[in-house]
Amino acid sequence: MISFLCRLARAASPIFAERGSLKAPSKVLQHAYAGGIAIALVWASVASAQIDTAGAKLKERGVIFDVDDHENIRAAFKTSTKGRGQQVFINRETKPLLGINIRTIWSPVAQIGNDKLGGPSALRLLENNGGASLGYWAILDNYLCFIVKIDDSIDAETLHFLMVNVGEVADKKQMEISGERDEF
């Protein structure tokens, strides 16, 4: 495998070309470069497999979704409030915790700076966090989001149920903060 990756590295990079005054690098450098390619390929296949496990569960439930620019799964659900919908995301990566792969589900509610999220609103969100059975409020990339962390091994029905409920909670808070606007 390493020899194949070394040949690939030599073919793909002008650094490894033996033209003119350029000399081929040492075997150590070739192996290091090939090792970097191997690590990148393994990381890409692991990330793809993680997306595939959640994606396969959603497909099993008939959920239509796409993959965003950050390679997270994105689905849109109709909420119980007539005419409204909510985007819900599943993080592309899992994080290990005591032998369990933890995956994050979240739904944006408001953009920080664009909506009224001052002192009283922030205190109510913190109070909600303390009383929540599952899920919490947090800021991700300048957005207020409702977040649930789950064991990645849950079944398709439970994953779908949690996504719908994350969307419902987020949509209700979005209506509280911004009125009738349905931005997310």
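Values for this structure:
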read-out	value
Qualifying positions in the stretch 124-164 - touching a residue at least 12 places away in the same chain (Cβ under 8 Å), under 28 Å from L98 (Cα atoms) and assigned to a helix (DSSP H, G or I)	A156, E157, L159, H160, L162, M163, V164
Residue that is nearest to the chain's Cα centre (by Cα) [pool: residues in the stretch 96-123 that are assigned to a loop (DSSP other than H, G, I, E, B) and among the small types (G, A, S)]	G99
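Bear in mind these aren't lab numbers, they're just calculated from the coordinates by the rules spelled out. The model shown is predicted, which means the values in this text are computed figures rather than measured ones. All Cβ positions, even for glycine, are placed from backbone atoms using ideal geometry, and neighbour counts span all protein chains on display.
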